[in-house]
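Asker: Let me give you the structure first, and then I'll get to my questions.
The values are calculated or read from the model by the stated rules, or taken from the named source; none is laboratory data. Note that the coordinates shown come from a computational prediction; the quantities given were computed from them, not determined experimentally. Cβ: placed from backbone, ideal geometry, glycine included. Neighbour counts: every protein chain shown. Surface accessibility is based on the protein's heavy atoms, side chains included, excluding ligands, DNA and RNA. Shrake-Rupley method; radii C 1.70, N 1.55, O 1.52, S 1.80 Å.
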Amino acid sequence: MSIVVSGIRATGQLHIGNYFGAVANFLRMQEQDQCYFFIADYHALTTHPDPAALKANSRTVLAEYLACGLDPEKVTLYYQSDVPETSELYMLLNMQAYVGELERCTSFKDKVRKHPENVNAGLLTYPVLMAADILLHKGQFVPVGKDQEQHLEMARNFANRFNHFYQTETFPEPYAYNFSGALVKVPGLDGTGKMGKSEGAANAIYLNEDPAAVKKKIMRAVTDSGPTEPNSPVSEPIANIFTLMGLVSQPETLQHFQSAYADCSIRYGDLKKQLAADMEQFLGPLRERIKEFSANQALLDKTALMGAEKARESARKTLTEVRQVMGFR
Ligand code: AMP
C-alpha cells in the first residue's frame, strides 16, 4: 500500500481539468492506497481572496470531492488549514529552499508575467508549501495534472536535500502520478493551453455548471476554418475538442468525428453539439450529487472534523521526527 497525497486549491468550483487531472485518480487510489486528499486553502491565499469567498470556495471543494465519490471512511479528507503542522514544515523546508531555484520555477515566472502587481513571497514559496503538504505524510505518489510536474520535481529536491543534509531517510521521493501512465493536460475551450480557473470563464467547464451555460460555452469553443485536404493535420483547437470528447464520449463517437475530419466531411456544429450532449451525460448526475452534498452541512462538518484528526495524527508523527533530526529539544 503506497502513501498518496494530493490537493486542490480552494479558489472556486472544480472544473473538468481538475476532475480528469486529479480527482479521477483519487477515486481509484482510495480503493487501494493510504490516501490524504485536502482542500488547499492556504495555497489559495496568494491571490488575496476575501474571507467570505475563501470560506465558500473551501466548502465547495469539499462538497464536490464528496459528490465525485471520495469516501471519507477510506481516505483522509481535510482542510489544509486544519493541520497547522503544515505551516511548521513549510517554514522548516523554506530554510533549505533557495530563492534562485524558486524564481526559475515556470509557474512562478508565469504568475509574475500575468500579475506583476502581486508578486508576494507566498507565490515564490508556493512549491515549498506544496512539498510540505506531501512530505508531511511522507507521500510517495501525488495524483496531479501535467502542470504540476515541475513542482513535484522540486518536492523531490527538497526531500533529498533534507535527507542528505541531516544524513537521514526521513522523506521518501514523491512522484507525480496518473493511472494512465502519463500525466494529463485537459485543454480549455479557447483553442490553446490548458483548462484553468484563471484562464477566463469561457475557457473552463465546471462540474456544477448549468447545462445551458455548458452548451453555450462548447458551441462557442474556438475552431478553425476546416480541413481542406483529406488527412490534413489536426489544428490545436480541433485537437482540443477531440481530447475533450475522448474524456466524456464513447470511443466510437470520437472515431466517427476523427474520420469525418480526415475525409473533410466534418461539420464543427455537429461535433460541438455531440460534445455538449456527452458532457451533459457526464455532468448531469454529478450536478445532482453536488446539490445534495452542498445542502448537507452536518455531513461536511463531520467529514472535516474526522479528516483533520486523522491528518494531524500523521502530521504530528512526521514533525516529531523532523524536529528530532534537526536538533530541536
Ligand atoms: P488547481 O486547481 O490549480 O489547484 O489544480 C488542482 C489539481 O487539478 C492539480 O492536480 C492540477 O494539476 C489539476 N489540474 C488543473 N487544471 C488541469 C488541467 N487543465 N488538466 C489536467 N489537470 C489539471
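Asker: Look at Gly196 and say whether it is in contact (Cβ under 8 Å) with a residue 40 or more places away in the chain and more than 30 Å from Gly327 (Cα to Cα).
Answerer: yes
Asker: Right, here's the next one. I'd like the full set of residues that are of a type in the set (S, T, N, Q) and assigned to a helix (DSSP H, G or I), limited to the stretch 91-106.
Answerer: Asn94, Thr106 - these are the residues of the stretch 91-106 that are of a type in the set (S, T, N, Q) and assigned to a helix (DSSP H, G or I).
Asker: Could you check how many residues of the stretch 279-297 are under 11 Å from Leu207 (Cβ atoms) and in contact with a Leu (Cβ under 6 Å, 6 or more places away or on another chain)?
Answerer: Adding up the residues that qualify gives 1.
Asker: For the stretch 148-156, does any single residue satisfy the condition of being modelled with pLDDT of 95 or more, of a type in the set (Asp, Glu) and within 15 Å of the ligand (Cβ to nearest atom)?
Answerer: yes
Asker: If a residue has to be assigned to a helix (DSSP H, G or I) and within 19 Å of the chain's Cα centre (by Cα) to count, how many in the stretch 54-90 make the cut?
Answerer: Result for the stretch 54-90: 18.
Asker: What is the number of the single condition among (1) away from the ligand (no atom under 13 Å from the Cβ); (2) among the polar types (S, T, N, Q); (3) without any contact (Cβ under 8 Å) to a residue 60 or more places away in the chain; (4) open to solvent by 30 Å² or more (accessible area, probe 1.4 Å) that Thr125 does not meet?
Answerer: Checking Thr125 against (1) away from the ligand (no atom under 13 Å from the Cβ); (2) among the polar types (S, T, N, Q); (3) without any contact (Cβ under 8 Å) to a residue 60 or more places away in the chain; (4) open to solvent by 30 Å² or more (accessible area, probe 1.4 Å), the one that fails is (4).
Asker: Additional query: Could you tell me which numbered condition Glu229 fails, if it satisfies all but one of (1) outside the structural domain of Ser265 (by TED's automatic domain parsing); (2) more than 14 Å from the ligand (Cβ to nearest atom); (3) surrounded by fewer than 16 Cβ atoms within 10 Å (Cβ to Cβ)?
Answerer: Answer for Glu229: the failing condition is (1).
Asker: Let me ask another. Quick one: count up the residues across the stretch 286-329 that are over 22 Å from Ile3 (Cβ atoms), among the basic types (Lys, Arg) and in contact with a helix residue (DSSP H, G or I) (Cβ under 9 Å, 6 or more places away or on another chain).
Answerer: So the answer is 4.
Yes or no, residue by residue, for (1) within 14 Å of Gln80 (Cβ to Cβ); (2) aromatic (Phe, Trp, Tyr); (3) more than 12 Å from the ligand (Cβ to nearest atom):
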| position | (1), (2), (3) |
| --- | --- |
| Val5 | yes, no, no |
| Ala10 | yes, no, no |
| Ala22 | no, no, no |
| Met29 | no, no, yes |
| Phe37 | yes, yes, no |
| Ala40 | yes, no, no |
| Ala52 | no, no, yes |
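Asker: Kindly provide the set of residues from the stretch 29-44 that are in contact with a helix residue (DSSP H, G or I) (Cβ under 6 Å, 6 or more places away or on another chain) and open to solvent by 40 Å² or more (accessible area, probe 1.4 Å), ordered by number.
Answerer: Residue satisfying the conditions is Tyr42 alone.
Asker: Being within 15 Å of the ligand (Cβ to nearest atom) and either of a type in the set (Lys, Arg) or open to solvent by less than 30 Å² (accessible area, probe 1.4 Å) (or both) is the filter here; which residues of the stretch 194-216 pass it?
Answerer: Within the stretch 194-216, Lys194, Met195, Gly196, Lys197, Asn203, Ala204, Ile205, Leu207 meet the criteria.
Asker: On to the next question. From the list Pro84, Pro187, Pro172, exactly one residue is open to solvent by less than 30 Å² (accessible area, probe 1.4 Å) and either among the β-branched types (Val, Ile, Thr) or in contact with a helix residue (DSSP H, G or I) (Cβ under 9 Å, 6 or more places away or on another chain) (or both). Which is it?
Answerer: Of Pro84, Pro187, Pro172, the one residue that is open to solvent by less than 30 Å² (accessible area, probe 1.4 Å) and either among the β-branched types (Val, Ile, Thr) or in contact with a helix residue (DSSP H, G or I) (Cβ under 9 Å, 6 or more places away or on another chain) (or both) is Pro187.
Asker: If you don't mind, there's one more thing I want to ask. Might you let me know whether the stretch 67-82 holds any residue that is within 22 Å of Tyr126 (Cα to Cα) and more than 16 Å from the ligand (Cβ to nearest atom)?
Answerer: Yes, there is a match, as at least one residue in the stretch 67-82 is within 22 Å of Tyr126 (Cα to Cα) and more than 16 Å from the ligand (Cβ to nearest atom).
Asker: Hey, can you tell me all the residues within the stretch 207-243 that are part of a helix (DSSP H, G or I) and in contact (Cβ under 8 Å) with a residue 60 or more places away in the chain?
Answerer: Pro211, Val214, Lys215, Ile218
Asker: Test Tyr79 against the stated conditions and say whether it is modelled with pLDDT of 95 or more and under 18 Å from Asp41 (Cβ atoms).
Answerer: Considered against the rule, which asks whether it is modelled with pLDDT of 95 or more and under 18 Å from Asp41 (Cβ atoms), Tyr79 comes out as yes.
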